[in-house]
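Heads up: the structure comes next, in structure tokens.
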């Protein structure tokens, strides 16, 4: 998922009599790619690709696009997580029970049993929990990046946490990696897949067969985990 964050441009196209909005992002990629999620249709294209060629490809896959859009529209919106005493939250595969500590003015603590997280009482519970999760995400991601970077004979790359709703990671041309803090709510094996994916981009800044061979070197079960990522993402709590 390499990126220098090129802008997305809104377009519209008619498919089977329906007007469909889509977001177009141009980059140094070699092929045109279509993706659909709860945000709608998103198209990635080479910088010099003609808009006519891009829309011809969309029309060739028109029924698939319409079916996928309808599928996402049928998905129920996830309910917001109500955070308080007794709330359960999974952190990198460990189920923690939330507690509000009236004596704690700031920060948080995870007890030695790794089964309880105590939040401070000075912040709204959801705000305090998100701050704690971001902290845990940075620690966990840094450790996994170091682990997999060593397998590629690379130094641990700079890490930044992101807050994108559906983009789980990115790697820019300088080898700096951004990981979505919400990944910390997913199983460790899924986190490792995303980490391996982004590190592989330091070797191959594309999605070529050589790129996927690097991913497979680090994560042999990447195909199954890529599908699991999509499923787990649907069930993540909303703050």
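Here are the numbers for this structure:
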item	result
Exclusive hit being assigned by TED's automatic domain parsing to the domain that holds residue 191, part of a strand (DSSP E or B) and closer than 26 Å to residue 232 by Cα, set 97, 127	97
Leading residue by the ranking (nearest to residue 131 (Cα to Cα)) among those in region 104-114 that are free of Cβ contacts under 8 Å to residues at least 12 places away in the same chain and outside any strand (DSSP E or B)	111
Complete set of residues in region 21-38 that are touching a helix residue (DSSP H, G or I) at 6+ places or on another chain (Cβ under 8 Å), modelled with pLDDT under 90 and not in a loop (DSSP other than H, G, I, E, B)	36, 37
Single residue of region 77-94 satisfying the filter (at pLDDT below 85 and in a loop (DSSP other than H, G, I, E, B)) that is farthest from residue 113 (Cα to Cα)	77
Residue match in region 221-233 (condition: over 17 Å from the mean Cα position of the chain (by Cα), free of Cβ contacts under 8 Å to residues at least 12 places away in the same chain, surrounded by fewer than 19 Cβ atoms within 10 Å (Cβ to Cβ) and assigned by TED's automatic domain parsing to the domain that holds residue 134)	no
Selected residue [more than 26 Å from the chain's Cα centre (by Cα) and surrounded by 12 or more Cβ atoms within 10 Å (Cβ to Cβ)] from 36, 54, 89, 100	100
Hey, residue 74 modelled with pLDDT under 90, surrounded by fewer than 15 Cβ atoms within 10 Å (Cβ to Cβ) and either out of contact with any helix residue (DSSP H, G or I) (no Cβ under 8 Å at 6 or more places or on another chain) or outside the structural domain of residue 139 (by TED's automatic domain parsing) (or both) or not	yes
Some residue of region 139-162 being in contact (Cβ under 8 Å) with a residue 60 or more places away in the chain, in a helix (DSSP H, G or I) and closer than 26 Å to residue 30 by Cα	no
Candidate set from region 39-50 (those that are in a strand (DSSP E or B) and more than 20 Å from the chain's Cα centre (by Cα)); member that is surrounded by the most Cβ atoms within 10 Å (Cβ to Cβ)	45
Qualifying positions in region 13-32 - under 20 Å from residue 208 (Cβ atoms) and over 18 Å from the mean Cα position of the chain (by Cα)	26, 27, 28, 29, 30, 31, 32
Some residue of region 179-201 being in contact with a helix residue (DSSP H, G or I) (Cβ under 9 Å, 6 or more places away or on another chain), in a strand (DSSP E or B) and in contact (Cβ under 8 Å) with a residue 60 or more places away in the chain	no
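Residue-by-condition table, conditions (1) under 27 Å from residue 72 (Cβ atoms); (2) modelled with pLDDT of 95 or more; (3) buried (at least 19 other Cβ atoms within 10 Å of the Cβ):
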site: 146; (1), (2), (3): no, yes, no
site: 177; (1), (2), (3): no, yes, yes
site: 180; (1), (2), (3): yes, yes, yes
site: 184; (1), (2), (3): yes, yes, yes
site: 199; (1), (2), (3): no, yes, yes
site: 209; (1), (2), (3): no, no, no
site: 218; (1), (2), (3): no, yes, yes
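Residues are listed down the side, and each one gets a yes or a no for (1) more than 27 Å from residue 205 (Cβ to Cβ); (2) at pLDDT below 90; (3) part of a helix (DSSP H, G or I):
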{"site": "9", "(1), (2), (3)": "no, yes, no"}
{"site": "12", "(1), (2), (3)": "yes, no, no"}
{"site": "19", "(1), (2), (3)": "yes, no, no"}
{"site": "52", "(1), (2), (3)": "yes, no, yes"}
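The values are calculated or read from the model by the stated rules, or taken from the named source; none is laboratory data. The structure displayed is predicted, hence computed values, not measured ones. Counting neighbours? That spans all protein chains shown, and the Cβs are built from the backbone with ideal geometry, glycine included.
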